[in-house]
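Please read the structure below before turning to the comments.
The values are calculated or read from the model by the stated rules, or taken from the named source; none is laboratory data. This one's a predicted model, so the numbers in the text were calculated from it and none came from an experiment. Neighbour counts run over all protein chains shown; Cβ positions are idealised from the backbone, glycine included. Just so you know, the surface numbers come from the protein's heavy atoms only, side chains and all, with ligands and any DNA or RNA stripped out. Shrake-Rupley method; radii C 1.70, N 1.55, O 1.52, S 1.80 Å.
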Amino acid sequence: MPLGVCYYPEHWPQTWWADDAKQMQALGLEYVRIGEFAWALMEPAAGQYDWVWLDQAIETLASQGLNIVLGTPTATPPAWLTHNQPDLMRIDAQGRRLGHGGRRQACLVNPQYIEYSRQIVTAMAERYGQHPAVAAWQIDNEIGNHGSARCYCEHCAAAFRQWLIQRYGDLAGLNEAWGTAFWSQTYSDWQQIPLPNVPVGGGHNPSLVLDYRRFASDQQVAYCAMQAEILRQHSPNRTILTNIAPGDDEINWFDMAQQVDTIAWDNYPHGFPDWQAVAMYHDHIRGLKRQPFWVMEQQPGQINWTPTNPPVPPNQVRLWSYQDAAHGAANVLYFRWRACWLGQEQYHSGLRDHANRPARGSTEARIVANEWQQHGQPEAAPRKVALLVSYDDHWAQQLDPHAQGWNYWQLLRTIHRTLTSYGVGVDIVQRGTPLAAYQLAIAVAPMLDNPAETAGWREWVQAGGTLICTPRSLTKRRDNRTAPDGFPSGLTDLFGADVAEWSALDPAKPWAVKFGETSHTAPLWMEVLNVSHANSLATWSKSYAKGQAAITAATYGKGLAVLMGCYPTEEILGDLLPRLWPAAQRLPNEIERIELTDGVLWFNHGEQAQSVKLQGTWHDRLSGEQCSGDCSIESLGIRWLKPL
Ligand code: GAL
């Protein structure tokens with residue numbers, strides 16, 4: 001059974017550890033993560049290690065048959081290090097040097113910090129790498145969290161210039177790629193190139209800023225790779241992973257995921273606006289490696305860091321655990337074992353409360369453990385629909401949104417949410433992923449051109465795929481300079497249409513589009529499409545563009561290429577989707593439907609009982625009932641149905 005918990009033995013009297021381990025085992029937990037913030041206890045003074053307590057903790061947990069996930073402690077350097085070498089600390093975008101006290105203060109580009117990290121990771125790996133109870137390693141903790149991926153210290157400035165030399169070879173190449181003829185930006189020495197937190201009038205060159213963001217991401221990825229290499233060497237056959245905090249978008253997680261065996265994320269649904277956003281992150285994380293992932297930290301009850309920190313109603317933790325599994329989580333660890341008496345997170349709940357009584361979350365974890373022991377773990381069926389995303393596109397649009405309110409992640413969320421509300425399961429994958437496994441792909445504002453990739457799209461459409469491109473498709477080169485031909489650059493023949501005119505829209509003055517007689521508000525962005533050999537699926541119905549194409553579809557080989565000139569709101573996409581994907585059917589609000597390899601999981605995320613319409617007769621594994629026709633699902637209830 002793949003459930004577990006995050007535990008901090010160093011927060012509790014040692015006399016409690018044995019009982020804690022017993023209780024974990026009794027609850028049906030199999031994994032326990034420890035160690036990830038305990039550098040100061042492992043190495044109380046430079047080069048002097050104290051493993052006694054950690055040996056004891058590991059033995060105590062192992063004696064109950066628990067598998068240990070050992071965290072490397074590099075998110076929290078000890079005070080002897082930060083105090084003696086303040087230059088290891090990051091400099092933020094405002095130019096301020098960080099100090100000791102929280103976490104993620106150190107610059108992961110600083111060669112000395114890298115060396116100190118190497119030493120502690122090597123020491124840990126040498127000591128515990130072959131321990132039979134150590135099943136996995138978590139590298140660091142939430143690399144990039146707290147806005148830590150972009151640093152502006154002198155080491156980063158030097159490393160950025162080296163990165164640019166690698167990328168462009170010579171200054172002529174860089175000047176061409178960045179278009180430095182604009183505003184007299186031509187560089188004649190690498191040392192002249194600034195970091196983009198230097199104050200300037202009129203903003204920095206968008207090509208420079210995008211490259212800095214790529215550079216900063218690459219450094220975080222390299223730091224993770226450095227630790228992975230040490231762990232692989234000293235701890236063979238253990239799963240090496242790192243955990244992601246959702247919303248940390250300064251790192252290209254597709255790149256990061258390549259450094260580890262498995263990727264993990266920390267799922268706190270109360271940190272999201274709604275359950276659909278949780279579903280989206282699950283699909284994003286699964287798409288990073290297109291493999292099962294771990295939920296390394298699952299919210300177990302109320303938390304301490306949202307603006308409101310509301311209560312968690314009964315059955316919610318069980319439902320979250322099922323949602324994790326149905327989206328592809330292989331393992332789910334709750335955060336944390338017991339609510340803490342110390343430090344910054346005293347208001348955070350755990351599976352046990354402050355007085356060491358079992359909290360409601362632990363009762364539900366027990367139920368999940370029992371149910372999965374009895375029925376196995378739900379396993380998601382492969383998805384046929386892909387959302388194509390890219391951090392480069394996100395960063396380039398973030399630094400130049402152009403339209404007030406334009407937000408790449410919001411766009412992705414809107415599209416994903418629409419698909420979810422029509423019961424269409426999706427993979428969120430990186431642009432460039434081969435599409436053979438998919439029948440429908442929606443490219444999310446694929447702004448930066450990549451000719452090799454678009455050639456792949458062309459072949460895939462020709463072979464029968466349906467491709468949808470949103471506004472802002474292929475309008476720029478990879479270096480963030482505008483493409484010199486019509487948009488979508490290089491693919492106007494595939495779409496049988498091109499962008500005749502485009503603009504941001506004033507939030508107070510949205511346009512509208514019409515499918516047949518149905519009209520929908522179309523905010524944010526307009527592209528008036530010039531049709532050569534496509535069908536117009538929707539037209540602009542307001543403004544001077546009235547009657548001109550807003551969405552087109554062109555057959556190409558055996559497939560279809562759909563170009564959206566309007567922003568895909570839920571209404572617009574909801575109208576378009578069933579025309580292209582007949583299985584799409586609007587579900588009742590708050591209902592999620594996930595296809596499994598051997599059935600379907602239905603979730604009611606709402607506060608009221610609801611019914612869903614079933615075709616055929618099904619067996620509910622959880623209740624043992626037979627279901628057909630209108631099938632009721634209680635509030636926060638789950639139906640795990642197998643066809644009969
Ligand atoms: C996570 C973090 C944990 C803990 C938790 C509290 O982001 O990895 O260390 O801070 O949040 O919810």
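For the stretch 403-413, state whether one or more residues are touching a Lys or Arg at 6+ places or on another chain (Cβ under 8 Å), among the aliphatic types (A, V, I, L, M) and not assigned by TED's automatic domain parsing to the domain that holds V600.
no
R639 - would you say it is farther than 20 Å from V278 by Cβ and either surrounded by fewer than 13 Cβ atoms within 10 Å (Cβ to Cβ) or modelled with pLDDT of 95 or more (or both)?
Here the answer is no, as R639 does not meet what is asked.
Before we move on, is S321 at pLDDT 95 or above, on the phi < 0 side of the Ramachandran plot, of a type in the set (S, T, N, Q) and open to solvent by 10 Å² or more (accessible area, probe 1.4 Å)?
Taking the combined requirement at face value, the residue does not satisfy it.
State whether one or more residues within the stretch 109-126 are at negative phi, away from the ligand (no atom under 16 Å from the Cβ) and under 25 Å from the mean Cα position of the chain (by Cα).
Checking the stretch 109-126: at least one residue is at negative phi, away from the ligand (no atom under 16 Å from the Cβ) and under 25 Å from the mean Cα position of the chain (by Cα).
Name the residue, out of A483, A504, that is free of Cβ contacts under 8 Å to residues at least 40 places away in the same chain and assigned by TED's automatic domain parsing to the domain that holds Q397.
On the way: A504 fails: free of Cβ contacts under 8 Å to residues at least 40 places away in the same chain.
Of the residues listed, the single one that is free of Cβ contacts under 8 Å to residues at least 40 places away in the same chain and assigned by TED's automatic domain parsing to the domain that holds Q397 is A483.
Going through D493, D485, D598 one at a time, which residue ends up being under 20 Å from T475 (Cα atoms), open to solvent by 40 Å² or more (accessible area, probe 1.4 Å) and at pLDDT below 95? Quick ask: steps written out before the conclusion?
Details: D493 fails: at pLDDT below 95; D598 fails: under 20 Å from T475 (Cα atoms).
The unique qualifying residue is D485.
Hey, could you check the stretch 354-383 for residues that are open to solvent by less than 40 Å² (accessible area, probe 1.4 Å) and within 16 Å of the ligand (Cβ to nearest atom) and say which is farthest from H619 (Cα to Cα)?
Checked the stretch 354-383; the qualifying residue farthest from H619 (Cα to Cα) is A359.
Kindly indicate whether A330 is crowded, with 17+ Cβ neighbours inside 10 Å, free of Cβ contacts under 8 Å to residues at least 24 places away in the same chain and over 15 Å from the mean Cα position of the chain (by Cα). Break it down stepwise before answering.
Numbers: crowded, with 17+ Cβ neighbours inside 10 Å: yes; free of Cβ contacts under 8 Å to residues at least 24 places away in the same chain: no; over 15 Å from the mean Cα position of the chain (by Cα): yes.
Answer is no for this residue.
Every residue, every condition in (1) in a loop (DSSP other than H, G, I, E, B); (2) within 16 Å of the ligand (Cβ to nearest atom); (3) surrounded by fewer than 21 Cβ atoms within 10 Å (Cβ to Cβ); (4) among the aromatic types (F, W, Y), yes or no:
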| site | (1), (2), (3), (4) |
| --- | --- |
| A26 | no, no, yes, no |
| L29 | yes, no, no, no |
| F37 | yes, yes, yes, yes |
| D50 | yes, no, yes, no |
| E59 | no, no, yes, no |
| Q64 | yes, no, yes, no |
| L70 | no, yes, no, no |
| H83 | no, no, yes, no |
| R103 | yes, yes, yes, no |
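Give the stretch 104-115 a look and list any residue that's in contact (Cβ under 8 Å) with a residue 12 or more places away in the chain and out of contact with any Asp or Glu (no Cβ under 9 Å at 6 or more places or on another chain), or say none.
Q105, A106, V109, P111, Y113, I114
Would you point out which residue out of E250, E229 is among the acidic types (D, E), without any contact (Cβ under 8 Å) to a residue 12 or more places away in the chain and open to solvent by 10 Å² or more (accessible area, probe 1.4 Å)?
Just one listed residue meets the conditions, E229.
Within the stretch 517-538, track down each residue that is part of a loop (DSSP other than H, G, I, E, B) and either open to solvent by less than 60 Å² (accessible area, probe 1.4 Å) or not small (G, A, S) (or both).
Within the stretch 517-538, E517, P523, L524, H533, A534 meet the criteria.
Exactly one condition in (1) in a strand (DSSP E or B); (2) open to solvent by less than 60 Å² (accessible area, probe 1.4 Å); (3) among the acidic types (D, E) is false for D630; which is it?
Only one criterion is unmet by D630, namely (2).
A quick yes/no check of all residues on (1) modelled with pLDDT of 95 or more; (2) open to solvent by less than 10 Å² (accessible area, probe 1.4 Å); (3) closer than 16 Å to V429 by Cα:
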{"site": "V200", "(1), (2), (3)": "yes, no, no"}
{"site": "I240", "(1), (2), (3)": "yes, yes, no"}
{"site": "N243", "(1), (2), (3)": "yes, yes, no"}
{"site": "M256", "(1), (2), (3)": "yes, yes, yes"}
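Does the stretch 105-123 contain at least one residue that is open to solvent by 10 Å² or more (accessible area, probe 1.4 Å), in a loop (DSSP other than H, G, I, E, B) and out of contact with any Cys (no Cβ under 9 Å at 6 or more places or on another chain)?
No: zero hits.
Looking at H402, is it within 16 Å of the ligand (Cβ to nearest atom) and either in a loop (DSSP other than H, G, I, E, B) or surrounded by fewer than 21 Cβ atoms within 10 Å (Cβ to Cβ) (or both)?
no
Does at least one position in the stretch 463-476 carry a residue that is of a type in the set (V, I, T), touching a residue at least 60 places away in the same chain (Cβ under 8 Å), closer than 22 Å to P434 by Cβ and not in a loop (DSSP other than H, G, I, E, B)?
Looking through the stretch 463-476, at least one residue is of a type in the set (V, I, T), touching a residue at least 60 places away in the same chain (Cβ under 8 Å), closer than 22 Å to P434 by Cβ and not in a loop (DSSP other than H, G, I, E, B).
For the stretch 128-142, what are the residues that are open to solvent by 10 Å² or more (accessible area, probe 1.4 Å) and within 16 Å of the ligand (Cβ to nearest atom)?
Correct list: E142 only.
Tell me which of these Y187 doesn't satisfy, since it passes every other one: (1) free of Cβ contacts under 8 Å to residues at least 24 places away in the same chain; (2) closer than 30 Å to L288 by Cα; (3) open to solvent by less than 40 Å² (accessible area, probe 1.4 Å).
Result: Y187 fails condition (2) only.
Does P434 satisfy the criteria of being assigned to a loop (DSSP other than H, G, I, E, B) and more than 27 Å from W178 (Cα to Cα)?
yes
Checking R431 against (1) touching a strand residue (DSSP E or B) at 6+ places or on another chain (Cβ under 7 Å); (2) open to solvent by less than 10 Å² (accessible area, probe 1.4 Å); (3) free of Cβ contacts under 8 Å to residues at least 60 places away in the same chain: exactly one of these is not met. Which one?
(2)
Out of the residues in the stretch 292-316 that are open to solvent by 10 Å² or more (accessible area, probe 1.4 Å) and closer than 18 Å to P378 by Cα, which is nearest to the ligand (Cβ to nearest atom)?
W294
Can you tell me which residues in the stretch 262-281 are more than 14 Å from G247 (Cβ to Cβ) and within 16 Å of the ligand (Cβ to nearest atom)?
Listed by number, the residues that qualify are I263, A264.
Assigned to a loop (DSSP other than H, G, I, E, B), modelled with pLDDT of 95 or more and in contact with an Asp or Glu (Cβ under 7 Å, 6 or more places away or on another chain): does that describe A386? Can you show your working first?
On the way: assigned to a loop (DSSP other than H, G, I, E, B): no; modelled with pLDDT of 95 or more: yes; in contact with an Asp or Glu (Cβ under 7 Å, 6 or more places away or on another chain): yes.
No; evaluated as a whole, the condition is false for this residue.
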